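K.L.:
Structure incoming, see below.
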Amino acid sequence: MKTNNHPSERQESILNITVTDQEQCKKQLRLEISAEVVRAETDKVAADLARKINVPGFRPGHVPKSVVKTRFRKELRDEVLSQLLPHSLGDAIKEKDLKVIGEPSVEDLKFKDDDSIDVVFNVEVAPEFTLSNYKELPLTKRVIKVRDEDVDKVIERYRQAQAELIPVEDRLSQSGDIVTVNLKGEVESKDDSDTVEDITQEELEIELGAQSVLKGFTEGLSGVSAGDQRTFQVEYPDDYKPEKYAGRRVNFKADITAVRTKEFPEVGDEFAHSVNEKFNTLEELRADIRSKLEKEAEQRTEDDFRSGTIDKLVDRNRFDVPEYVINKQIDARMKTLFRQMAAQGMDPRMLNLDWESLRDGQRERAEREVRGIFILDKIAQTEDIDASEEELSAELKEYAERIGQTEESVRARLTKENSLDSIREQVKHRKALDLVIASAEIRTEDIEGPGTDEEAGGSGSANE
């Protein structure tokens, strides 16, 4: 319901406002709108309708208000409510200085015998909390260091990408080989009424021993040559996708059409030149890889440190946050997940996933993110931090460059979408976090570089 519709020249409409606290950030507002105001608004709306409607027996535009009130009672009442309720709610919110978030809802509505209105609204409001100390925080910045072995891993990926498949003729297939097969599989039924279509695949390439290959295939196709036939069974795990094969046994017959092994290029100056013609030596390639990894590590270190600092603030400030904002944040996280899936060539609509459980799994993190936003907003208010037009322009320019558009077109689009204020808020929050970090007592700790298990577990904590 909109709360900014203020009919002109109307006397004070609310006789009484009662605010009752509910759970979390919910409040209940009970408004009593005077009979005098309701009658005045009814007369005004009736007069307006009388000029617009046609009623047999009366000239157009001259229908008496008494006839309108009798024959169009429901329409008249609906229009009066659409005028009075938003105005009255807006006045109540202003008078009680409530920071309402989301759309209010009507809990109860009564037209009383004396023509007054008694209405109860449910609203969600911004949390009220006392900000804990946010200056001179003890923080740990875990700095990611790039190692020679991190460079080696990138070299190995380039080497894998250039591998050639060479036919195996002097031995039988073994782990690491690529076996090409024409495959037929008969799926065993669990009971008489249970049927699953059999499996048929032509020229299927299977890398023996690969992590993504079920153990039964590696065992069944090891020790073969091109032209052989093999029969074997594969037990599909209970969590296998697609689910129709999960927990089932499949009897396979395979015609082996080829057995090949990977032949990798020798790592040297020629290899470096094959990766990119600008490199004449292996050392030039390694130096370029290290430079890029170090830039990525520096950005990851900073991002994780800032995220960890917000987590620190969240841990120090415990308060409820509005359900409406949490759901909006979950929506944003789900959209990001969908975009990531699409970028990997997956269609989320075709995946047989428990979306409700997946959404529920986003809740805890979304709630912490929302709490962090409210904390940064309060720090900005406390420190009188705002985003200048110059800072907003710089933010828009950087964003426009990332997406290949002009600052003017981005500004126009965001203004049309009423999203410009959200960019301004982001700048304010970043400046608030900068202030927290600038006053913090920061201890640095070097950790091993990108791609390690330790780094994957979270390298930028801001714990004491």
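The values are calculated or read from the model by the stated rules, or taken from the named source; none is laboratory data. What you are looking at is a predicted structure, and each value in this text was computed from that prediction instead of being measured. As a convention, Cβ positions derive from the backbone with ideal geometry for all residues, glycine included, and neighbour counts pool all protein chains shown.
K.L.:
Which is under 16 Å from Lys262 (Cβ atoms), touching a Leu at 6+ places or on another chain (Cβ under 7 Å) and surrounded by fewer than 16 Cβ atoms within 10 Å (Cβ to Cβ), of Ser225, Ser175? Let's see the steps before the verdict.
P.N.:
On the way: Ser225 fails: under 16 Å from Lys262 (Cβ atoms).
None of the others qualify; the one that does is Ser175.
K.L.:
Restricting the search to segment 236-256, which residues are in a loop (DSSP other than H, G, I, E, B) and in contact (Cβ under 8 Å) with a residue 24 or more places away in the chain?
P.N.:
So the first thing to find is which residues in segment 236-256 are in a loop (DSSP other than H, G, I, E, B), and the list is 236-242, 246-248.
Once the filter is applied, which keeps residues that are in a loop (DSSP other than H, G, I, E, B) and in contact (Cβ under 8 Å) with a residue 24 or more places away in the chain, segment 236-256 yields Lys241, Pro242, Arg248.
K.L.:
Filter segment 378-431 down to residues that are of a type outside the set (A, V, I, L, M, F, W, C) and touching a residue at least 12 places away in the same chain (Cβ under 8 Å), then give me how many there are.
P.N.:
Filtering segment 378-431 down to residues of a type outside the set (A, V, I, L, M, F, W, C) leaves 378, 381-384, 386, 388-391, 393, 395, 397-399, 401-402, 404-409, 411, 413, 415-419, 421-422, 424-426, 428-431.
Adding the requirement that they be touching a residue at least 12 places away in the same chain (Cβ under 8 Å) leaves 378, 382-383, 386, 391, 393, 395, 399, 407, 411, 424-426, 428-429, 431.
Going through segment 378-431 one residue at a time, the tally reaches 16.
K.L.:
Would you confirm whether any residue within segment 184-202 is touching a residue at least 12 places away in the same chain (Cβ under 8 Å), surrounded by 15 or more Cβ atoms within 10 Å (Cβ to Cβ) and acidic (Asp, Glu)?
P.N.:
Scanning segment 184-202, I find no residue that is touching a residue at least 12 places away in the same chain (Cβ under 8 Å), surrounded by 15 or more Cβ atoms within 10 Å (Cβ to Cβ) and acidic (Asp, Glu), so the answer is no.
K.L.:
With respect to Leu285, determine if the residue is in the same structural domain as Asp354 (by TED's automatic domain parsing), surrounded by 15 or more Cβ atoms within 10 Å (Cβ to Cβ), within 43 Å of the chain's Cα centre (by Cα) and of a type outside the set (S, T, N, Q). It would help to see each step written out before you state the result.
P.N.:
Numbers: in the same structural domain as Asp354 (by TED's automatic domain parsing): yes; surrounded by 15 or more Cβ atoms within 10 Å (Cβ to Cβ): yes; within 43 Å of the chain's Cα centre (by Cα): yes; of a type outside the set (S, T, N, Q): yes.
So Leu285 passes the test.
K.L.:
Consider Leu98 against the criteria (1) modelled with pLDDT of 95 or more; (2) among the aliphatic types (A, V, I, L, M); (3) assigned to a loop (DSSP other than H, G, I, E, B): it satisfies all of them except one. Which criterion is unmet?
P.N.:
(1)
K.L.:
State yes or no: is Ala400 more than 23 Å from Leu137 (Cα to Cα), among the hydrophobic types (A, V, I, L, M, F, W, C), out of contact with any helix residue (DSSP H, G or I) (no Cβ under 8 Å at 6 or more places or on another chain) and at pLDDT 90 or above?
P.N.:
Details: more than 23 Å from Leu137 (Cα to Cα): yes; among the hydrophobic types (A, V, I, L, M, F, W, C): yes; out of contact with any helix residue (DSSP H, G or I) (no Cβ under 8 Å at 6 or more places or on another chain): no; at pLDDT 90 or above: yes.
Judged against the criteria, Ala400 is not a match.
K.L.:
Just for strands (runs of 3 or more DSSP E) wholly inside segment 120-218: which have at least 3 residues that are over 30 Å from Asp288 (Cα atoms) and small (Gly, Ala, Ser)? Spell out the reasoning first.
P.N.:
Numbers: elements: 138-144, 164-167, 178-187, 199-207.
Per the criteria, no element qualifies.
K.L.:
For a quick check of your reading: which helices (runs of 4 or more DSSP H) sit entirely within segment 334-438 and have at least 1 residues that are in contact with a His (Cβ under 9 Å, 6 or more places away or on another chain) and among the hydrophobic types (A, V, I, L, M, F, W, C)? Quick ask: steps written out before the conclusion?
P.N.:
Values: elements: 355-360, 363-382, 389-403, 407-416.
Those helices (runs of 4 or more DSSP H) span 363-382.
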